[in-house]
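Below you'll find the structure, written out as structure tokens, and then a few comments.
The numbers here are math on the coordinates, done by the rules we state, and not lab data. Because the structure is predicted, anything quoted here is derived from the model rather than measured. A quick note on method: Cβ atoms are made from the backbone with ideal geometry, for glycine too, and the neighbour counts reach across all protein chains shown.
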């Protein structure tokens, strides 16, 4: 016997709630944002998520100390958006990238990178800024921590040769330091290079989706800004098989260092801007009052279901 209109309406209502046999279970939509490392536990009934990842920004280069110029701005981190299949109840590791430390001017210590203070087996702590002393170039900034194990410290300041910034966790390059030596203005002592940004990741073991950190700005006269980080890659969190990204964007380049009159305050080369303003590179600064490069911004991971 054909169902009545009332019965048909009841069946449609139960189907919409997922209460009939064979109907997919209903679940509430939601999202979770990670600004530090953590674990994402897949909610009940969820089999597909969208994961957005931003790499950390590269640090800005330190400015010159006699003939005043700013260091180059750091490059921003890359961005990638991954549509992924997941299993309810599964715990997935999340690593959020740190930014590279800024380089410092003549005779000052470089700044530490940022990142996880308790790194896991597949991630690394931020690098330390390099030391310096009077008559030596500024120390390089430390690399940003995050996924991967390549983070290094910034080089120590030295005469004639500039101190390079440290490498970010996934291999983003630190900026070159400016030439320096003694206290002779004709040598145009430069600042240390900034540190490279770290990588963000979502996944376990070899099944991670990754967004890469930006490269750092350099600390020599009219130096180039750091290149932006590579967009990144998506991988199935269970099998590790490649997944085609829904969107991807390479990080933007930091501005080139600027020449300034030594007695003027301020002056900076802007860091590259990341997608939606996340993972920006640090500014390269110069001038009488402020000539330390800024630290790159941290990355981010957002999971939506």
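Name all residues of the stretch 83-104 having a backbone nitrogen under 20 Å from the label point set 7 Å from the Cα of residue 41 along its Cα→Cβ direction, giving them as ranges. In the stretch 83-104, the label zone of residue 41 (backbone N under 20 Å from the point 7 Å along Cα→Cβ) covers 86-96. Residue 204 label point, 7 Å along Cα→Cβ, cut-off 20 Å on backbone N: hits in the stretch 108-150? It comes to 119-124, 147-148, nothing else. Remark: spin-label model distance residue 87-residue 33 equals 3.1 nm, labels positioned 7 Å along the Cα→Cβ axis.
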